[in-house]
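Quick notes on the structure that follows.
Every number in this text was worked out from the coordinates using simple rules, so none of it is lab data. Fair warning: this is a prediction, and the values are worked out from it, not measured in the lab. As a convention, Cβ positions derive from the backbone with ideal geometry for all residues, glycine included, and neighbour counts pool all protein chains shown.
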Amino acid sequence: MQIIDTKKFQSDLLGWYDNEKRDLPWRRERDPYRIWVSEIMLQQTKVDTVIPYYERFLTKFPTLDALAEADEEEVLKVWEGLGYYSRARNLHQAVKEVRDEYGGVVPSTEKEIATLKGVGPYTAGAVLSIAYDVPAPAVDGNVMRVLSRIFSIYDDIAKPASRKKFEAITRDLLPEERAGDYTQALMELGAVVCVLRSPACLLCPVAEHCSARKEGVQEFLPVKAKKKPPRSVQLAVGVVQDSSGRYLVEKRPDTGLLAGMWQFPHAEEGIEGLLETGREGWQSLTQIKHVFSHLVWEMDVYQTRHDIQSLTDRQALLTLDELKQKAFPVSHQKIIALLEE
């Protein structure tokens, strides 16, 4: 691995960031709670998508205590559409831990913050460096891409051992002062200049330090093993409306995919598995395809009228207005939109 002039690298990167950084709402903050919210939202989600959710979330829950006091269903409703809902549930649980164990103050040490629900090494490093200026490494995909090119590292970035390596490099490169700005500068560089395809090397403020550019291999880095294609699942979804106009919905299990959210009943074995009436009486409503990171829902949606005689403790009969108050997955929000029409 090549040796670089660390001080010059830091200076070049920070000088560029001071002049070129994007004006993002969380960059106007030093409140660790708000930085934390932004970092959780930004995981696996694009900046432009996050901004309105971030602003709406903090309007609803402006302080850590406000979020800690909220009902989980209320939190999921505000998060609705952002995806990866375990992020919201973990954040909600973690702020309760901060309220109960740290007097409502987000911990400022690596050891303490790492104990919180859903806070991994990246989130810990990001919050500590940005909010508290603690020199803690925050390594995301952008950072690994930049460093893999700067040092011509061919390790598979999908492997945990590689992340550890990048964390060690990042820690060595952190300046004693302005750790938060440096952390954001490194991520910003990966987001807008050192991008995955066709990196803008001519605009790069640290091009002179880049081993991959010197070798002409920047297009081949970082190395990342291909994921398995998502598994396809065929689902029959039943929209059941009773004689008073209410719809049958059910709450998903408290753990696993889309935990705790509401949905219309569905079954993999076909529409016959949804009601005792069998296939008769069902009419086709629409087809919906929804892609997760690991699976694809191929949904055949049917509707019928049927009076439900009894409900389980996880089922409910709700009016259209009441449906809109509950948190539904995006695929089921599309069904509600159809019913509104």
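Considering only Cα-Cα distances, which of the following residue pairs are longer than 19 Å: Lys21/Lys159; Lys46/Lys226; Lys159/Lys228; Lys159/Lys224? Can you show the working numbers first?
Values: Lys21/Lys159 30 Å; Lys46/Lys226 21 Å; Lys159/Lys228 15 Å; Lys159/Lys224 9 Å.
Pairs exceeding the cut-off: Lys21/Lys159; Lys46/Lys226.
Over region 231-340, calculate the relative contact order: mean separation of alpha carbon pairs under 8 Å at least 6 apart, over the residue count, as a percent.
Numbers: 197 pairs, mean separation 39.0, N = 110.
Reported as a whole number, the value is 35 percent.
Give the shape of region 195-280 as rounded, prolate or oblate, defined through the alpha-carbon gyration tensor: a ≥ b ≥ c are the square roots of its eigenvalues, a/c under 1.5 means rounded, and otherwise the shape is prolate if a/b is larger than b/c and oblate if not.
Values: a/c = 4.67, a/b = 3.43, b/c = 1.36.
In terms of gyration-tensor shape, prolate.
What full-extension length gain, to one decimal in nm, is calculated for Val105 and Lys228 as 0.36 nm per residue of separation minus the Cα-Cα distance? Each step should come with its number before you reach the end.
Working: separation 123, 0.36 × 123 = 44.28 nm, distance 4.11 nm.
Here the segment from Val105 to Lys228 would lengthen by 40.2 nm.
Roughly how many debye, to the nearest 20, is the charge dipole of region 1-116 about its Cα centre, given +1 on each Lys and Arg Cβ, -1 on each Asp and Glu Cβ, and no other charges? Please report the intermediate quantities before stating the final value.
Working: 17 positive and 22 negative charges, 74 e Å.
Roughly 360 debye for region 1-116.
What does the extension gain come out to for His294 and Ala259, with contour length at 0.36 nm per residue minus their alpha carbon separation?
Working: separation 35, 0.36 × 35 = 12.60 nm, distance 1.60 nm.
Working it through step by step, the gained length comes to 11.0 nm.
Determine the shape class of region 240-324: with a ≥ b ≥ c the square roots of the Cα gyration tensor eigenvalues, call it rounded for a/c under 1.5, and otherwise prolate if a/b is greater than b/c, oblate otherwise. Mind showing how you got there, number by number?
Values: a/c = 1.69, a/b = 1.23, b/c = 1.38.
Note, shape of region 240-324 comes out oblate.
Take the alpha carbon atoms of region 38-84, find their center, do the same for region 87-119, and report the distance between the two centers in whole angstrom.
Using only Cα atoms, the two centres lie 16 Å from each other.
Dipole magnitude of region 185-341 about its Cα centre, charges +1 at Lys/Arg Cβ and -1 at Asp/Glu Cβ only, in debye to the nearest 20? Can you show the working numbers first?
Working: 18 positive and 20 negative charges, 166 e Å.
Dipole of region 185-341, to the nearest 20 debye: 800 debye.
Per-residue ellipticity at 222 nm for the chain, helices alone: DSSP H runs ≥ 4 residues times -39500 (n - 2.57), over residue total, nearest 500 deg cm²/dmol? Numbers along the way, then the final one.
Values: 14 runs with 144 residues, N = 341.
Only helices count here, giving -12500 deg cm²/dmol.
Which entry in [x] 0.93; [y] 1.18; [z] 1.52 matches Cα Rg over 2.2 N^0.38 Å derived from the coordinates of this structure?
Structure-derived value, by its label: [y].
Explain nothing, just the number: dipole magnitude of the chain about its Cα centre with +1 on each Lys and Arg Cβ and -1 on each Asp and Glu Cβ, in debye rounded to the nearest 20.
Dipole size: approximately 1100 debye.
Defining a contact as two alpha carbons under 8 Å apart and six or more residues distant in sequence, what relative contact order in percent does the chain show? Numbers along the way, then the final one.
Details: 516 pairs, mean separation 54.1, N = 341.
Once normalised by length, the contact order is 16 percent.
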